[in-house]
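*Asks:* My structure is below; once you've seen it, I'll send some questions.
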Amino acid sequence: MQSSSSEMPHACSCEDQRTEPEPLAGFAMRPPPSPPLLPLLLLLLLLPSPPAAAAAAGPASLEALRAAAGRRAASPATQERAAAGVLRRLLPSHALSFRFQIDPKGGVCGDSSCFRISNVDGSSKGRAEILIQGNTAVELASGLHWYLKYWCGVHISWDKTGGAQLASVPSPGSLPRVKETAVKVERPVPWNYYQNVVTSSYSFVWWDWRRWEKEIDWMALQGINLPLAFTGQEAVWQKVFKSFNVTDRDLDDFFGGPAFLAWARMGNLHAWGGPLSQNWLDQQLALQKKILSRMIELGMVPVLPSFSGNVPVAFKKLFPSASITRLGEWNTVDGNPRWCCTYILDPSDALFIDVGQAFIKQQMKEYGDITSIYNCDTFNENTPPTNEPAYISSLGSAIYQAMSRGNKDAVWLMQGWLFYSDAAFWKESQMKALLHSVPIGKMMVLDLFADVKPIWQTSSQFYGVPYIWCMLHNFGGNIEMYGVLDSISSGPIDVGVGMCMEGIEHNPVVYELMSEMAFRSQKVEVEDWLKSYSYRRYGQSNVEIQKAWAILYHTIYNCTDGIADHNKDYIVEFPDISPSSFSSQYSKRKIISHVRKHPRFLGEVSASLPQPHLWYSTEEAVKSLELFLKAGNGLSESLTYRYDLVDLTRQSLSKLANKVYLDAMDSYQKRDSSGLNFHTKKFLELIMDIETLLASDDNFLLGPWLETAKNLAMTEDERKQYEWNARTQVTMWYDDTKTEQSKLHDYANKFWSGLLKSYYHPRASKYFTRLSRSLQENRSFQLEEWRRDWISYSNEWQSGKELYPVKATGDALAISRYLFAKYFR
């Protein structure tokens, strides 16, 4: 996209050359920001372009992708109404202040995707003041968001990260004018992808339509036009497998429970947390139809699932001559066949195409012909039996054939994680064999971890296959302030950008910048962008906040060590080891412990002492917290400020607790009983102080997670099952024995009030009590006794029914100030 004026970041005026900057015009409607903010914001308009990414895929293949999507688009009138609906739900007071217009023939956007913002002449109160045009309703919603951000100083984030700051919007009839004829912003790449295959379990699992509607609105405002849509697929699979004579009883052993469906779909496990009731299957299918209907109305292109080969064990008996393989153990404690070791149908078997085609056809019967893009990840942690390129090519061809026989326009969307996780197998010849097994333009690859471990750099940009530059960012839905803002702001892209986090509703700054990059063709100067961001997020300019964000940018949001950030802080992932297994010197060294990679899990699980990831100076981060607290008097009523304050205080205290834990272990090694007792008391006190802190904000509570799970239940049995699923996912996760914890315990840990008090604190307390006793009695620490005690407690907690608050209590600012004085002065 060419930048022909200084009006907006990376925007071009449509008819007139510009002589004055536009983005700040709306700020004059309120008390202006402090003087330094204005020239710094203007720097955003004069940014140099980075080296452009080579166009790996030719324009013909990209056009084929877009054309297939366009043929299924909703009518212009439907999309205009959908965009107006987004506005009405976001800002009902201004429902008449904007007019939306789809540009179906390219009169405004030409061959690109764009939105155009202009004034409505002769407007007055009660009439439209601003016209937004674009090729889809997503572009219209994105244009609305862009205008609200850069003319009205608005900030929009998830409700659980503080929500929207809309107070800065002038009243109807007084909206800031666009000073010239129009502002046009084009997408430099056509696609903005969203979701990971496990996000549906870590974040969406308990959502009803009301919550989904808010999420789809958020997607549209952020410009997301290629969302994964995996809800309700088990009901479709039920119908498909029954057509192959599989029984309901067989499916009870095949589907996982609600909170573990993602891993059952990938063939990692079966039956864990199940079975699924017919109520659940019907409910989720009905929900999926609403989700897809709204996505289509907004002009999005949903990505539906396809057949990856995962089949019920009954297929072995039903089709004895079929090539069906039993997969190996995946993270079970003892290989229990009740949920271990699933079965996969070889793509080279003719039955594979029959099942795959039947699934695509059944989805089209349920939803209509709404998309041509399907996700399939057969080879994630399922290495082909030979590295012979011809064989690999035949497998890829068979997978695509199963899709295309069901939908002649099918495009295969594949996660590219396998090329990193199993790099020893996927050399150039093998990668080319798979990537070129379907026609160019009929496959897109997600470079899933491009923000940290990009594959495009080592594969000649996937050897000509269109790819999407993705940010993974989060594992297990953990709560941790973390990011690589410089990488996001300058990542080279081919056909799109994507957000592939395992869990959502955290780190709003990361997701705002990443979403904005879908409409930027130039590198962002992050420090200057953050000044605009903090102004919009809190609704006012504040010198202390600007300084705090400058520190956060260079510390917490500047991780350059290439390590996947999976929260292993000792409070939430308490080490399951004997203190005699590591030395005093070992515990004090700043190292990363040996890890085992689990490619399908997209994370790293420690094989010994988990070493919390620390990539920044905690002293500098505490300085940013002090600045946040100084700004508190003027911002205490802001929900966005409160969320960020609680999160930053939590992180500072948690990192301190890591040091206290190691000090306790050091005291034990030195046989220093008083030192051990001192550090034990401090560690446990930190847990309870963080508990009190988190209880002061609605967004850090365990209660809502459990209550939304139970609210989906239609029977008492379902209520018990859903609550057990919800409790187990965030704690033990998978199977255990009386003396051996789950290999995945704490993978999905959460800093939630209620969880700290009732789960993390008792666990640590039991451990330290036994540790102190072993020192007093001069005998070795009885690890197995502690495990037996702790695992029994955990299993009881997982099956518990006690209620937890769903509303915050306490003054977050006062609590944060008290804790800062207690621990950091």
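*Asks:* Give me the three principal axis extents of the range 66-186 from the C-alpha atoms, as integers in angstrom, largest value leading.
*Replies:* For the range 66-186, the Cα spread along each principal axis is 41, 39, 22 Å.
*Asks:* Along the Cα-to-Cβ line of residue 71, 7 Å from the Cα, sits a label point; which residues in the range 433-459 have backbone N less than 20 Å from it?
*Replies:* Residues passing the 20 Å test: 438-444.
*Asks:* Taking the Cα of residue 279, stepping 7 Å toward and past its beta carbon, and measuring to each backbone N in the range 701-741: which are under 16 Å?
*Replies:* The answer is 707-726, whose backbone nitrogens lie closer than 16 Å to the label point.
*Asks:* Further question: Taking every DSSP beta bridge that has both residues in the chain, what percent is antiparallel when rounded to the nearest 5? Display every interim value, and only then the final one.
*Replies:* Numbers: 22 of 51 bridges.
Percent antiparallel among DSSP bridges in the chain is about 45.
*Asks:* So for each of 321-333, 654-666, 694-706 I average, over its residues, the number of other beta carbons within 10 Å; can you give me the resulting order with the highest mean first?
*Replies:* Numbers: 321-333: 15.3, 654-666: 20.8, 694-706: 22.9.
Averaged packing, sorted descending, gives the order 694-706, 654-666, 321-333.
*Asks:* Using a Cα-Cα cut-off of under 21 Å, which lysines could be cross-linked to residue 738, ignoring same-chain neighbours fewer than 8 residues away?
*Replies:* 766
*Asks:* Please list 184, 766, 317 in order of solvent-accessible area, largest first, computed with a 1.4 Å probe with all protein chains present. Before the final figure, lay out the partial values.
*Replies:* Working: 184 30, 766 55, 317 180 Å².
From most accessible down to least: 317, 766, 184.
*Asks:* Separate question: Could you please state how large a percent of the accessible area of the range 66-186 is carbon and sulfur, counting protein chains only and using a 1.4 Å probe? Before the final figure, lay out each step's value.
*Replies:* Numbers: 2110 of 4370 Å².
Roughly 48 percent of what the probe reaches on the range 66-186 is carbon or sulfur.
*Asks:* Let me ask something else about it. Which cross-chain or sequence-distant (5 or more) residues have an amide H under 5 Å from the amide H of residue 228, H modelled 1.01 Å from N in plane?
*Replies:* So residue 228 has HN proximity to 194, 303.
*Asks:* Quick one: which of 149/547; 655/807; 290/655; 365/720 span more than 31 angstrom between C-alpha atoms? Intermediate values should be presented prior to the final figure.
*Replies:* Details: 149/547 21 Å; 655/807 26 Å; 290/655 43 Å; 365/720 34 Å.
Long pairs (Cα-Cα over 31 Å): 290/655; 365/720.
*Asks:* Can you pull the Rg over Rh of the range 618-824, Cα-only, Kirkwood? If you can, show how the numbers build up before the last one.
*Replies:* Details: Rg = 18.9 Å, Rh = 18.7 Å.
Radius of gyration over Kirkwood radius for the range 618-824 works out to 1.01.
*Asks:* Could you check the simple spin-label distance between residue 766 and residue 239, using points 7 Å along Cα→Cβ, in nm with one decimal?
*Replies:* Calculated label separation equals 4.6 nm.
*Asks:* Next question. First check a/c for the range 543-584, with a ≥ b ≥ c the square roots of the eigenvalues of its C-alpha gyration tensor; if it is under 1.5, answer rounded, and if not, answer prolate when a/b is larger than b/c or oblate otherwise.
*Replies:* Values: a/c = 3.29, a/b = 2.57, b/c = 1.28.
Prolate is the answer for the range 543-584, as a/c is 1.5 or above and a/b outweighs b/c.
*Asks:* Calculate for the chain the 222 nm mean residue ellipticity that helices alone would give, adding -39,500 (n - 2.57) per DSSP H run of length 4 or more and normalising by residue count, nearest 500 deg cm²/dmol.
*Replies:* Details: 30 runs with 347 residues, N = 825.
That calculation yields -13000 deg cm²/dmol at 222 nm.
*Asks:* Something else: Which value in nm describes the separation of the simple spin-label points at residue 391 and residue 527, placed 7 Å from the Cα toward the beta carbon?
*Replies:* With each label point 7 Å from Cα toward Cβ, the separation is 5.5 nm.
*Asks:* Roll a 1.4 angstrom probe over the protein heavy atoms and tell me the percent of accessible area of the range 308-467 that is carbon or sulfur. Don't skip to the answer; put the middle values down first.
*Replies:* On the way: 2890 of 5830 Å².
Summing carbon and sulfur atoms, their accessible area is 50 percent of the total for the range 308-467.
*Asks:* Continuing with this model, one more query. Around residue 629, with a cut-off of 15 angstrom between Cβ atoms, what is the net charge of the other residues, counting Lys and Arg +1 and Asp and Glu -1?
*Replies:* Details: positive: 547, 623, 630, 642, 650, 817, 822, 825; negative: 544, 626, 644, 647, 811.
Here the count lands on +3.
*Asks:* Any idea of the accessible area per residue across the chain, 1.4 Å probe, to the nearest Å²? Each step should come with its number before you reach the end.
*Replies:* Values: 28630 Å² over 825 residues.
Averaged over the residues of the chain, the accessible area is 35 Å².
*Asks:* So if each residue of separation counts as 0.36 nm, and I subtract the Cα-Cα distance between residue 249 and residue 792, what length gain in nm does that give?
*Replies:* Working: separation 543, 0.36 × 543 = 195.48 nm, distance 3.06 nm.
Answer, rounded to one decimal: 192.4 nm.
*Asks:* Under 14 Å from the Cβ of residue 351, count the other residues' Cβ atoms, weight Lys and Arg +1, Asp and Glu -1, and hand me the total. Numbers along the way, then the final one.
*Replies:* On the way: positive: 316, 317, 405; negative: 346, 349, 354.
Around residue 351, the charge tally is 0.
*Asks:* Separate question: For 785, 186, write out the residues from largest to smallest accessible area, computed with a 1.4 angstrom probe and no ligands counted.
*Replies:* Values: 785 85, 186 35 Å².
So the residues, ranked largest to smallest area, are 785, 186.
*Asks:* Restricting everything to alpha-carbon atoms, can you work out Rg to Rh for the range 495-558 with a Kirkwood hydrodynamic radius? List each step's numbers first, then the result.
*Replies:* Details: Rg = 12.7 Å, Rh = 13.0 Å.
Across the range 495-558, the Cα-based Rg/Rh ratio is 0.98.
*Asks:* Aspartates and glutamates near residue 670 by alpha-carbon distance under 20 Å, same-chain residues fewer than 8 away left out - which ones?
*Replies:* Residue 670 reaches 777.
*Asks:* Same structure again: Using a 1.4 Å probe, how large is the accessible area of residue 679, given in Å² and rounded to the nearest 10?
*Replies:* The accessible area comes out at roughly 40 Å².
*Asks:* On to the next question. Under a 1.4 angstrom probe, counting protein chains only, how are 425, 678, 352 ranked by accessible area, largest first?
*Replies:* Working: 425 30, 678 125, 352 0 Å².
If we order 425, 678, 352 from most to least accessible, we get 678, 425, 352.
*Asks:* Of all DSSP beta bridges located in the range 66-186, what percent are antiparallel, nearest 5?
*Replies:* Values: 10 of 15 bridges.
In the range 66-186, approximately 65 percent of DSSP beta bridges are antiparallel ones.
*Asks:* Sticking with this one: Please work out the FRET efficiency for the pair residue 619 and residue 577, using the Cβ-Cβ distance as r and a Förster radius of 35 Å; give the result to the nearest 0.05. Present the calculation step by step, with values, prior to reporting the outcome.
*Replies:* On the way: r = 29 Å, r/R0 = 0.82.
So the FRET efficiency works out to roughly 0.75.
*Asks:* Sort the range 192-472 into rounded, prolate or oblate with this rule: let a ≥ b ≥ c be the square roots of the eigenvalues of the Cα gyration tensor; rounded if a/c is under 1.5, and if a/c is not under 1.5, prolate when a/b is larger than b/c, oblate otherwise.
*Replies:* Details: a/c = 1.42, a/b = 1.04, b/c = 1.37.
Verdict is rounded for the range 192-472.
*Asks:* Also, I was wondering about something else. Of all DSSP beta bridges in the range 192-472, what percent run antiparallel (nearest 5)?
*Replies:* On the way: 5 of 20 bridges.
The answer is about 25 percent antiparallel.
*Asks:* Return the distance in nm (one decimal) between the two label points of a simple spin-label model at residue 336 and residue 78, each offset 7 Å from Cα along Cα→Cβ.
*Replies:* Placing both labels 7 Å along Cα→Cβ, they lie 4.7 nm apart.
*Asks:* Taking residue 408 as the anchor, which aspartates and glutamates have their alpha carbon closer than 16 Å to its alpha carbon, excluding any fewer than eight residues away along the same chain?
*Replies:* Here the aspartates and glutamates satisfying the reach criterion relative to residue 408 are 354, 369.
*Asks:* Distance between the C-alpha centers of the range 311-337 and the range 663-723? Whole Å please.
*Replies:* Cα centroid to Cα centroid, the span is 37 Å.
*Asks:* While we're looking at this one, here's another question. Full extension from residue 211 to residue 825: what is 0.36 nm times the residue separation minus their Cα-Cα distance, to one decimal in nm?
*Replies:* Values: separation 614, 0.36 × 614 = 221.04 nm, distance 4.18 nm.
Stretched fully, the residue 211-residue 825 segment lengthens by 216.9 nm.
*Asks:* I'd like the carbon and sulfur percentage of the solvent accessible area for the range 618-824, probe radius 1.4 Å, heavy atoms only, ligands and nucleic acids excluded.
*Replies:* Details: 3960 of 8000 Å².
It is 49 percent, rounded to a whole number.
*Asks:* Can I ask one more? Quick one: how many Å² of residue 818 are accessible to a 1.4 Å probe, rounded to 10?
*Replies:* Using a 1.4 Å probe on the heavy atoms, I get roughly 130 Å².
*Asks:* How much length is gained on full extension from residue 326 to residue 127, taking 0.36 nm per residue of separation minus their Cα-Cα distance?
*Replies:* Numbers: separation 199, 0.36 × 199 = 71.64 nm, distance 6.49 nm.
Fully extending the segment from residue 326 to residue 127 adds 65.2 nm.
The values are calculated or read from the model by the stated rules, or taken from the named source; none is laboratory data. Here the structure is a predicted model, which means the values were calculated and not measured. Glycine also receives a Cβ, built like all others from the backbone with ideal geometry; neighbour counts cover every protein chain displayed. Accessible surface is based on the protein model in full, side chains and every heavy atom, while ligands, DNA and RNA are left aside. Shrake-Rupley method; radii C 1.70, N 1.55, O 1.52, S 1.80 Å.
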